[in-house]
Amino acid sequence: MPRMRLDLAYDGGGFSGWAAQPGLRTCQGELERALATIAREPVRVTVAGRTDAGVHASGQVAHADVPEALAADLAERAPRLAHRISRLAAPEGDLVVRRLSLAPEGFDARFSAVSRSYRYRIVASEASDPLERRTAAHVARPLDVDAMRRCADLLVGLRDFAAFCRPREGATTIRELRDFSWRQEGALLTASLTADAFCHSMVRALVAACVRVGEGRLPLARAAALLEERRRSALTGLMPAHGLTLVAVGYPPDDELAAQAERARARRSADDLDG
């Protein structure tokens, strides 16, 4: 069956996360319902990175294998079809298919990806900002932003991030965190993070560790030492979901998509950390 690529954006506040769940409104569930209505048969949607309840996306990517007739309609009227899927999936307008295209051979939204980038926003002020209440967390304590930047620098690299991940049976916690930086604009702090992939709750735990360092509640050396514990730590905490947005997913050139998917399916082990 032809494979369709969907570039998506959504306000996570109205969804119980990405993954389809019986009786709950989810991004995957609503998209699959809309596509099944159009295709007149069940359609499965695979995403680059599952997001938790309340987490937003401006650059999410997914794929779906669709009937020939739907693929032909896509080739002729992609913008109109994207609008129709968006309208059926989310009449409220809180999920939008920004771009719809036929995927190149070998494309897998999840396994072909080489990077995911997130943004986390914090309003650091005694008073919260009502205009930011849906997309930024509020921290009332003063923050040492320079200390937060030093903490972020110490966490970058190919490491076992078990201390910062919610454990999942059979899943590796080894990730390559390629960028972790902080930008300050008045009371608004924005963390930018890019990795080959993130495990469950990893971004919110990494940001929480930096915030605790910035508040003076977690020594910088202790935050760095968490990487050696290889198990989830209560010291990191977890930031609220609504401050987090998936902003981009990166892919290799088309002729490398299939090979990247095969590499990504190979589970990493501690041996990958040597050297």
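The values are calculated or read from the model by the stated rules, or taken from the named source; none is laboratory data. Owing to the predicted nature of the structure, the values given are computational and were not obtained by experimental measurement. In this analysis, Cβ positions are derived from the backbone assuming ideal geometry, glycine residues included, and neighbour counts consider all displayed protein chains.
So which pairs qualify, if the first residue must be in the range 145-159 and without any contact (Cβ under 8 Å) to a residue 40 or more places away in the chain, the second must be assigned to a helix (DSSP H, G or I) and small (Gly, Ala, Ser), the Cβ gap must be under 7 Å, and the two must be at least 6 apart or on different chains?
From the range 145-159, no pairs qualify.
Hey, does the range 47-59 have a residue that's among the small types (Gly, Ala, Ser), touching a Gly at 6+ places or on another chain (Cβ under 8 Å), closer than 20 Å to Val203 by Cα and crowded, with 19+ Cβ neighbours inside 10 Å?
Checked against the condition, which is being among the small types (Gly, Ala, Ser), touching a Gly at 6+ places or on another chain (Cβ under 8 Å), closer than 20 Å to Val203 by Cα and crowded, with 19+ Cβ neighbours inside 10 Å, the range 47-59 yields at least one hit.
Scan the range 217-248 residue by residue and report those that are closer than 23 Å to Gly17 by Cα and not aliphatic (A, V, I, L, M).
Across the range 217-248, the qualifying residues are Arg232, Thr236, Gly237, Pro240, His242, Gly243, Thr245.
Out of (1) surrounded by fewer than 16 Cβ atoms within 10 Å (Cβ to Cβ); (2) closer than 30 Å to Arg133 by Cβ, what's the single condition that is false for Ala72?
For Ala72, the exception is condition (2).
Filter the range 62-82 for residues that are assigned to a helix (DSSP H, G or I) and of a type in the set (D, E, K, R); which is farthest from Glu30 (Cα to Cα)?
Glu76
What do you reckon, is Pro2 surrounded by fewer than 17 Cβ atoms within 10 Å (Cβ to Cβ) and in contact (Cβ under 8 Å) with a residue 40 or more places away in the chain?
Yes: the conditions hold for Pro2.
Restricting to the range 89-101, name every residue that is more than 14 Å from Leu8 (Cα to Cα) and modelled with pLDDT of 95 or more.
Passing the criteria: only Pro91.
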